[in-house]
Every structure is written in C-alpha cells, then in structure tokens.
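First the structure, in the form of structure tokens, and then the observations on it.
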Ligand code: BG6
C-alpha cells in the first residue's frame, strides 16, 4: 500500500514518492460479465490506467457462462465507464478516449462453466506463461470449485519469478466453521501468500487513514487507552434496503453481512497496537491479536432489528418482508447493534458499541471515540451543570474527515460552557479524484502487497468474535427481532442497550 497511500500525502509534504507501474499481468475475472465487474472493477482499472500504473502487458479476460462475445463485453464495459465518469460531474466527467482505446484492445471474453475443466484448459491457453491474477467475482459457492480447477489445470503454479494470485470476494464463509473449511480447501491448492481475501472497506482511503492518524501523530497515541477513553461507537448506517439481493440477504442478515468483516476491520484499525512496519504480516499480526481479544458480553447485549415500512427522504418505502425474494414471515435481521469487550491491557473495561442497519435515516459510517469526562469539581460553583464530552469522530463516509468535540467558554461575564467542534475535511485538503475504492486493492495485488487483504487467521478471528452472537440469534426462536420503521434511527431497544450503561448513541442525523 506504500505507493498509493504515499501519493495522497505527497501533495502536502512534498515527498514526491510516485507509485511504480505494476508488472505485466493477465487479470482474469470469474463472473466477468456480472455487475461487480462493470460497476467497480473496470472503473477501478480505468482509473489505474489513467494514473499510468498499468503496464502495456496488462490484459483482462472475463470468464462467465452468459452468451457474450468480445465485442458485446467491450460495449458493456464502455457503457459502464461512461456512466462511471458521468457521475463525477466535473471536467473529468468525460471518458478519456486514449485510455479507452488502450483498454478496449486488452479485453477478451471466455465463455464457460466454472466447474468444467475444459474452461480452464482454454483459459490456460489464453494466459500463457506470464503473471496472472484470478479474481473470484462469483457467488461464494463457486470459490472452492474454481480454485480446485485452477490447481488441477496447473494455472496456480508459479514458475521462476512469475506470480499467480487469487482474489477472493466476500462472503468468506457464513460462520467460523465454514470459513475455516474454505481456508483449508484453498490452502490445499494455494500458498497463503497467493491468496488475497478482499474486504472493500480496506480500499477506502479514510479506513486506511485511521492507521496514519493514530501512528503518525504524537498526540493521539498517549491518550488511546482505557485510562482516557470511556467507550467507542462504530456505526455503519445505510439508507438502501436489500435492493435486488433478497435471496442472498435472507440467508445472511445484517450481522453476517457487515460485522465480522467490515465493522471488524474498522474496530481492528481503531484498537490494534502499532505494527513494527507496514509490512503485510506485521500489520496483519497486530489485527489478529486484537480481534482474538474480543468477546461478546452476553445475549442481552445484542439487538437484532428488522425494518418495516416507513418514509425515507419524503418517499414511502416498503418493509423488509415486502421486498422481492423475502419470506413474508422472515426473521432475518436487517439491523444489529452489539456491545463488545476487548480483553487486553489497552482496552479492558472500555466497551465497543457497534451498530449497522439498512433503511436507516441517513447513510453514514463513522467511528466515535468518547473520552472520559474531565473532573467537574472546578465548575461546582458556576452555572455549568455538566461538562461537554470530548469526542473524536472519524468520518468514513459519505463525508470523509475527522471532528473533535470539546468544551469552550461561551463569551460573556459568567462561566458558561458550550460544546464546539473542530473539523478536518478530506476534500478541503486533498484533491484526489473520486475512486471506487478498488484501485488500491487491485494495484496492491498486482504488485504483491497483501497489507490491505485478510490473512486466513484474520478472517477466522472476525468470525470467532461474532460466533456467540450468531449462535444466540439462531439457537432460540426467542431471540427477539425488534421492528423499526424505515427512515428511523433503528429500534429503540438499541438505545436501551447504551442507556443501561448510562450512555447514548451519537445522533445519526448530525
Ligand atoms: C457489502 C454488503 O459488503 O457492503 C452490502 O454486502 C452493503 O449489504 C455494502 O450494502 C456496504 O458497503 P459501502 O461501501 O456502501 O459501505
């Protein structure tokens, strides 16, 4: 991750460290005719090409079973790219013709089943003997089969300096056991260093920035512990419902969909110890350690909710049970809030509250670090009845930045305090163009940097941390499912979870 991350700051520091061009590679996408490829992967590759980070020996082979041809696929990619750049709404809102011509000639389609050895034989002929990345943008049930077939066809064999890498999309398993089994299966064919398990949250600049913020500044780290921090809140609120993914979501739910992966990444970045270097294993060792120290505090500290009908942005929206491909009496949660403890020297006694849900009032992902209150004694004989809490909020999306909240004297003859905010907004300081979040991840895989990918033990530690909550939710029909209206801040039971501890959630609307 050095190159791309460094380039973001070079503007300010004048470091001028330019990322190097990735080595030549055939980028094979299983599921290459699908939505993820068009919406995210191809735009990310286009951005990398614009930045001059791809070699002339780069090409894309899309593998899928749909009846497509090279020309149809190229036309679809072209349209997807036009949509993508149009959304920028700036001078960059026009597709660069030189880049498209460069890319166009490097795209080809291979039709075949993901299970049929013949597909892999033809793929082998297409790739030849050079570097290759195999991106599994397919339903999770194909992950194991595709890797088995790649191995049987010797497509994952690395000869000399040549690399062969596999990028595995989410979901990686549906619980701890299945994640373990999938790891075992993949590791029969691949070495760990060939596997790039993706979590797209790690492609977000602001998520990567958590480490920079914590470890490149002298004043946060001394405060970053149980002596000074009262609790931490991590929120990933979405306004979208399940969209067209009802079938997938029914068997998944908010807990599996968001917590062991995305929210655990946010938590690990916030709570881990400083790694000794940016070396992939040094970072992943620290993440693993902190994830292993997490435990769920009890069934009463997990709140599961499901959205009913409501109003969002002035428009009436239907409830979850009325969404397509959702059972009329579904008990799948679309919201989860939970309290976690981290049992180590830095964090013992500091609760981490997590919440995520669909169809909430606003879209917002943030981490709020609530510091302990200052002693009140000094203000006893003043009109101040309580002190403003100090909160540092790391805004991940849609706004990107950091806010510090603290108390200041309100001008006037008496001592009165007001809560004020100091805000750093990413977009005011850096002029990086909009990205899909996949640029860094693809570039890092092409250059062999696995820092932002999950190692087998990281994945398993994420699942292990939430496994008790999964068990409590599933073993008993009595596990309550709390309704909330679409467009609200979530179920009131989630407020009660914090109120029991004398705390409250950050206001979603702020
Ligand atoms: C995906 C989940 O992994 O992340 C989706 O499957 C969710 O349900 C999405 O909407 C959220 O990602 P982002 O980047 O919009 O926060």
Hey, residue 292 hits all of (1) modelled with pLDDT of 95 or more; (2) within 12 Å of the ligand (Cβ to nearest atom) but one; which does it fall short on?
-> (2)
From the list 365, 388, 332, 403, pick out the single residue that is over 27 Å from residue 220 (Cα atoms) and either without any contact (Cβ under 8 Å) to a residue 40 or more places away in the chain or within 16 Å of the ligand (Cβ to nearest atom) (or both).
-> 332
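May I ask you to verify whether residue 283 is in the same structural domain as residue 352 (by TED's automatic domain parsing), more than 24 Å from residue 470 (Cβ to Cβ) and crowded, with 23+ Cβ neighbours inside 10 Å?
Working: in the same structural domain as residue 352 (by TED's automatic domain parsing): yes; more than 24 Å from residue 470 (Cβ to Cβ): yes; crowded, with 23+ Cβ neighbours inside 10 Å: yes.
Judged against the criteria, residue 283 is a match.
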Within region 314-321, identify whether any single residue is surrounded by fewer than 16 Cβ atoms within 10 Å (Cβ to Cβ) and assigned to a strand (DSSP E or B), and answer yes or no.
-> yes
If we only count strands (runs of 3 or more DSSP E) wholly inside region 379-469, which ones have 3 or more residues that are over 29 Å from residue 259 (Cα atoms)?
-> 401-409, 417-425
Restricting attention to region 103-131, report how many residues are touching a strand residue (DSSP E or B) at 6+ places or on another chain (Cβ under 9 Å) and farther than 25 Å from residue 157 by Cβ.
-> 3
Of all residues in region 322-345, which are in a loop (DSSP other than H, G, I, E, B) and touching a strand residue (DSSP E or B) at 6+ places or on another chain (Cβ under 9 Å)?
-> 330, 331, 332, 333, 334, 343
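For residues that are outside any helix (DSSP H, G or I) and within 12 Å of the ligand (Cβ to nearest atom), tally how many sit in region 243-270. Break it down into steps so the answer makes sense when it comes.
Filtering region 243-270 down to residues outside any helix (DSSP H, G or I) leaves 243-245, 251-252.
Checking the rest, the ones that are also within 12 Å of the ligand (Cβ to nearest atom) come to 243-245, 252.
Counting residues in region 243-270 that are outside any helix (DSSP H, G or I) and within 12 Å of the ligand (Cβ to nearest atom) gives 4.
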Condition broken by residue 150, with the remaining ones in (1) outside the structural domain of residue 121 (by TED's automatic domain parsing); (2) surrounded by 14 or more Cβ atoms within 10 Å (Cβ to Cβ) satisfied = (1)
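The values are calculated or read from the model by the stated rules, or taken from the named source; none is laboratory data. Since we're looking at a predicted model, the values are computed, not measured. Reconstructed Cβ throughout: ideal geometry from the backbone, glycine too, with neighbour counts over all protein chains shown.
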